[in-house]
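Some notes on the structure that comes next.
Each value in this text was obtained by applying a stated rule to the coordinates, not by laboratory testing. For clarity, every value in this text was computed on a predicted model and none was experimentally measured. Please note: Cβ atoms are built from the backbone with ideal geometry, for glycine as well, and neighbour counts cover all protein chains shown.
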Amino acid sequence: MSEKREQEVLERFRPLFEPRGVIVAGASSHPGKFGFVAAHNLLSQGFPGNVYLTNREGGEILGRRALTSVAEVPEGAADLVFVCTPPATVPDLLRECAKKGVRAAFLSTAGYGELGEEGKRAEEDLVRLCDELGLLLIGPNGQGVISTPASLCAQIVAPYPPRGRIAVASQSGGFVQAFQNYAQKTGVGVSRAVSAGNCAATRLEDYLEYFAADPETAVSLIYVEGIDEGRTFFESVRRATSRKPLVVLKGGTTAGGQRAAASHTGALATDDRVFAGMCRQAGIARAPTIEEAFETAATFATHPLPKGPNVFVLTTAGGWGVVTADRIASSRELRLMPIPDDLRAAFDARLPPRWSRNNPADLAGSETRDTVVECLAEAAAQPDVHAILLLGVGIQSNLAAMERAGGFFPEHGLGRIVEFHERQDARYAEAALEMERRFDKPVLIATELVDCQPENPGPRTLREAGSLAYPSSFRAVTVLEHLWRYARWRAR
Amino acid sequence: MSSGTRTLSEHESKRRLASAGVAVAPERLAADAAEAERAASELGFPVVVKLCGDRIAHKTERSLVRLGLTNVAQVRIAAEALLAAARPEDGAVALLVASMIPGRRELIAGCVQDPTFGPCVMLGIGGIFAEVLADVAFRLVPFDRTEALDLIAELQNQAWLGPFRGEPAVDRERLADVLVGLSRLMEGDADVVSVDLNPLIVCDGEPIAVDALVEVRAS
């Protein structure tokens with residue numbers, strides 16, 4: 001993208017993602033109405049700009065005086081309008097807003113293209129009107145927009161996610177919520193998120209162009225059901241992925257799903273095999289499930305790209321090592337590398353002879369206070385090791401948790417050992433973070449404790465550092481495949 | 001076939017494909033049985049003889065293909081039978097004499113117009129299990145050799161492409177030539193609507209088109 005084009009794109013979306021002020025049109029004092037929720041969410045999450053609530057009857061909403069018309073809004077004080085009023089009121093409202101200097105309109109209003117022919121005509125009229133008025137039209141039929149760098153939470157749903165580097169655009173509001181929920185749970189946050197609704201004027205590829213230029217965003221994550229112009233989509237996506245990774249979740253890949261998509265967003269069926277090929281061609285990381293989509297995006301946002309296919313597994317849990325080896329060995333992308341001789345020698349020097357002496361390196365309970373950290377450092381320093389999976393983190397703290405609650409604590413020496421165990425798991429997590437930074441290669445920690453005991457010092461340390469840990473090694477291997485495929489594509 | 005289009009004869013289809021870099025089996029066009037015999041002798045036995053014409057698209061269904069002919073007598077009998085099977089609606093016809101390409105494995109490849117993404121190249125595993133395996137992959141036109149190799153790598157049954165019962169592995173570079181050739185054909189010849197290469201026989205690792213159908217816009 002040329003410098004000029006990039007500036008144009010950033011400027012075009014500025015009123016949506018970095019507004020000076022926001023008008024909530026159709027704000028309501030009734031807590032059961034969207035017009036209330038929109039006002040509530042905008043006011044409660046710390047948006048520092050001007051907020052104007054409008055409502056035909058005026059009155060008071062959340063302790064603020066509601067304006068009876070947009071005419072009362074000072075000129076130039078708001079550049080975004082969040083619309084919760086019925087379709088019939090929208091054209092006059094938008095004209096008023098444009099006069100006041102508003103440049104973007106988010107329409108949560110439903111009753112357009114998703115209703116069939118008549119709705120489609122109304123939607124076309126709406127697009128034309130916004131063109132005339134110079135308004136960036138988002139939606140209609142969307143659930144909202146959030147932008148954490150701007151503390152903007154203009155949505156009729158929850159949650160408001162932590163700040164981070166994942167940008168979301170979705171043809172389903174439900175998936176925006178899902179991704180934001182995952183962001184909250186994992187601590188891997190979101191930069192911008194938009195429920196794109198019917199995509200009447202602003203399409204997924206337009207958001208992607210913005211995300212690619214946006215300095216707050218490291219990776220884009222989209223849910224797509226229907227594509228209007230495949231070629232345009234492909235070309236813009238390919239430009240975007242040449243700068244930043246993009247993760248795609250596609251709905252309607254089977255006849256059954258396509259029927260559901262037709263009634264959800266009116267999307268026409270696409271041949272999924274063609275879509276799959278297009279994804280590979282455009283450098284898209286396509287995820288088949290919602291969990292994988294988020295985890296892949298969160299990995300791109302928090303871990304470096306591998307520089308090759310070689311994976312090294314370091315484990316204190318034997319069985320996990322074995323099944324992880326199976327998973328990597330059956331991968332078409334990654335390689336369960338043989339252990340380099342000098343690395344084996346370095347491990348031999350630190351461990352009693354019962355360790356596995358291969359990849360996976362199973363320490364087999366032979367580790368002492370510093371061996372995990374030292375072995376990890378040795379493996380990370382190997383140039384042929386392109387990514388590391390560290391398994392078994394949290395086992396000691398899990399035991400410590402039981403000992404804490406067992407009734408004997410802190411007597412009988414339990415106080416000291418419990419503290420030691422908990423410190424060790426935190427150290428392992430810190431070492432993984434440090435090695436990843438120092439050697440610029442992914443060092444991923446996978447343990448079921450991420451799900452089963454999120455407050456365990458191992459997973460907690462990573463979460464608090466804003467890094468993603470994985471509930472199973474399979475999921476970690478899957479995201480590594482996406483990362484390596486993308487790294488290779490980028491290098492082409 | 002969609003409206004406003006027509007198919008080229010097999011011979012003309014292959015000529016177009018060969019000029020785009022797709023390997024096709026050596027063949028000759030013959031007007032009558034005598035010419036077919038001469039062509040067969042030049043090419044070397046065994047040969048295949050087919051009835052060929054612009055309006056003949058489904059030769060197998062009409063039994064217009066004679067495979068594995070090993071001498072001039074067989075060629076003569078086949079040629080006369082095929083010419084006799086021509087129908088008035090077939091228009092101008094000729095005999096196509098081609099070398100038999102030996103090989104146990106078949107691929108399919110082609111170009112299609114996707115309603116969402118436009119012209120695409122397709123590659124799949126062919127032969128009698130093609131429908132069961134349903135192993136096909138697509139790329140949007142145009143693309144380069146790197147992309148073609150990735151398209152080959154996208155097929156699910158990679159072992160199928162490897163060494164097989166004494167035959168070498170499928171030559172991925174030669175297969176990429178075919179795919180890049182198809183891409184070039186779609187990009188360069190604006191009148192081409194679709195291409196069907198079925199089958200590409202894998203002979204000594206090299207994929208060779210033994211049948212081809214090019215659909216063009218009717219001018």
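Annotations
- In chain A, Cα pairs under 8 Å separated by at least six residues give a relative contact order of 10 percent.
- A:V90, A:V373 arranged by Cβ crowding within 10 Å, fewest neighbours leading: A:V373, A:V90
- Inter-label distance for A:S330 and B:S219, nm, one decimal - labels placed 7 Å from Cα along Cα-to-Cβ: 5.5 nm
- Within a straight-line Cα-Cα reach of under 17 Å, A:K33 can be paired with the following aspartates and glutamates, leaving aside sequence neighbours fewer than 8 residues apart in one chain: A:E57, A:E60.
- With respect to chain B, whose longest principal axis is taken over its alpha-carbon atoms, helix B:33-43 is tilted by about 50°.
- When peptides B:94-106, A:288-300 are ranked by their average number of other Cβ atoms within 10 Å per residue, the highest-first order is A:288-300, B:94-106.
- Cut-off 10 Å between beta-carbons: net charge of the residues surrounding A:S472, Lys and Arg +1, Asp and Glu -1: 0
- Cα principal axis extents for segment B:111-212, largest first, Å: 42, 26, 25
- The angle separating the long axis of helix B:72-84 from the principal Cα axis of greatest extent in chain B is about 90 degrees.
- GNM top mover of B:L175, B:L200, B:L69 - chain B, alpha-carbon springs below 10 Å: B:L69
- Local net charge near B:E173, Cβ-Cβ under 15 Å (Lys/Arg +1, Asp/Glu -1): -4
- Mean Cα-pair separation over length for segment B:103-217, i.e. relative contact order, pairs under 8 Å, 6 or more apart, %: 31 percent
- Inter-chain shielding of B:132-144 (mean C-beta neighbours from other protein chains, 10 Å cut-off): 3
- DSSP bridge analysis restricted to segment A:1-142 gives an antiparallel fraction near 10%, rounded to the nearest 5.
- Three-way shape call for segment A:304-491 based on the alpha-carbon gyration tensor, with the a/c threshold at 1.5: prolate
- 9 Å beta-carbon shell around B:A212, net charge (K/R +1, D/E -1): -1
- In this structure the amide hydrogen of B:M100, modeled in the peptide plane, comes within under 5 Å of the amide hydrogens of B:V47, B:V48, none closer than 5 places in sequence on its chain.
- Peptide A:268-279 - average C-beta neighbours from other chains (10 Å radius): 6
- Shape class of chain B from the alpha-carbon gyration tensor: oblate, with a/c at 1.5 or above and b/c at least as large as a/b.
- Tensor-based shape of the protein assembly as shown (alpha-carbon gyration tensor, a/c under 1.5 rounded, otherwise prolate or oblate): oblate
- The long axis of helix B:172-188 is offset from the longest Cα principal axis of chain B by roughly 80 degrees.
- Amide H contacts under 5 Å for A:G164, placed H, 5+ residues apart: A:V190, A:S191
- For chain B, built as a Gaussian network whose Cα springs stay under 10 Å, the top-fluctuating residue of B:K14, B:K59, B:K50: B:K59
- Kirkwood analysis of segment A:365-463, using all unique Cα-Cα pairs, places the hydrodynamic radius at 14.1 Å.
- Estimated FRET transfer efficiency when R0 is 25 angstrom, pair A:F420-A:E464 (beta carbons, to 0.05): 0.75
- Shielding by other protein chains, B:111-120, mean Cβ within 10 Å: 6
- Evaluated at q = 0.14, 0.22 Å⁻¹, a Debye calculation over the C-alpha positions of segment A:14-110 (equal weights, vacuum) places log10 I(q)/I(0) at -0.42, -1.14.
- Relative to the compact-globule estimate of 2.2 N^0.38 Å, the Cα radius of gyration of segment A:158-302 comes out at 0.96.
- Here r is the Cβ-Cβ distance between A:F474 and B:A92 and R0 is 60 Å; the resulting FRET efficiency, rounded to 0.05, is 0.45.
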